[in-house]
Amino acid sequence: MPRDYDFWIYIVTNRNHSVLYIGVTNRLSRRVWEHREGIGAGFAADYRCKKLIYYEHYRDIRDVLARESQLKKWSRAKKVALIDRFNPSWLDLGIDVLQDR
């Protein structure tokens, strides 16, 4: 019997919107919470990327990993245009996502 899976590609930024971090997770609410708490060492923690500004949902891990690879190759201008279409005010979407936690 096939099983449904949930995968998310997401973009978080810092307070000044000077850094964009692209990540993949199988539980968006947990990952947003980890970013907000600064859990885990790495780029996002070093640059205080805590504000969720973009996400996409996928059922197949191959699709989400292909999308991650695609987005990471894009210029900053192209990423900003994508975010602007999805979230024009760059509001923190993490508040809504964390309610699912």
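The values are calculated or read from the model by the stated rules, or taken from the named source; none is laboratory data. Every value quoted in this text rests on a predicted model; they were computed, and no experiment measured them. So basically every Cβ, Gly included, is an ideal-geometry build from the backbone, and we count neighbours across all protein chains shown.
The table that follows gives values for the structure above.
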{"read-out": "Matching residues, segment 15-28, being buried (at least 16 other Cβ atoms within 10 Å of the Cβ) and not aliphatic (A, V, I, L, M)", "value": "TYR21, GLY23, THR25"}
{"read-out": "Among the candidates ARG85, ARG59, ARG48, residue that is closer than 23 Å to TYR5 by Cα and among the basic types (Lys, Arg)", "value": "ARG59"}
{"read-out": "Candidate set: segment 3-43, residues that are aromatic (Phe, Trp, Tyr) and not in a helix (DSSP H, G or I); chosen: the one farthest from PHE86 (Cα to Cα)", "value": "TYR5"}
{"read-out": "Tally, over segment 64-79, of residues that are closer than 12 Å to VAL24 by Cα and either in contact (Cβ under 8 Å) with a residue 24 or more places away in the chain or touching a strand residue (DSSP E or B) at 6+ places or on another chain (Cβ under 8 Å) (or both)", "value": "6"}
{"read-out": "Residues (of a type in the set (A, V, I, L, M, F, W, C) and closer than 22 Å to LYS79 by Cβ) located in segment 7-41", "value": "PHE7, TRP8, ILE9, ILE11, VAL12, VAL19, LEU20, ILE22, VAL24, LEU28, VAL32"}
{"read-out": "Unique residue being of a type in the set (A, V, I, L, M, F, W, C) and more than 21 Å from LEU65 (Cα to Cα) when the list is TRP8, TRP33", "value": "TRP33"}
{"read-out": "HIS35 vs. criteria loosely packed, with under 12 Cβ neighbours inside 10 Å and either of a type in the set (S, T, N, Q) or under 12 Å from the mean Cα position of the chain (by Cα) (or both)", "value": "no"}
{"read-out": "Condition check for GLY40: on the phi > 0 side of the Ramachandran plot and among the small types (Gly, Ala, Ser)", "value": "yes"}
{"read-out": "PHE43 vs. criteria within 15 Å of the chain's Cα centre (by Cα), surrounded by fewer than 16 Cβ atoms within 10 Å (Cβ to Cβ), under 27 Å from GLN99 (Cα atoms) and at pLDDT below 95", "value": "yes"}
{"read-out": "Condition met for VAL12 (aliphatic (A, V, I, L, M), modelled with pLDDT of 90 or more and either farther than 15 Å from GLY94 by Cα or surrounded by fewer than 16 Cβ atoms within 10 Å (Cβ to Cβ) (or both))", "value": "no"}
{"read-out": "Scope segment 44-101; condition within 20 Å of ARG15 (Cα to Cα) and in a loop (DSSP other than H, G, I, E, B); matching residues", "value": "TYR47, ARG48, CYS49, LYS50, ASN87, PRO88, SER89, TRP90, LEU91, ASP92, LEU93"}
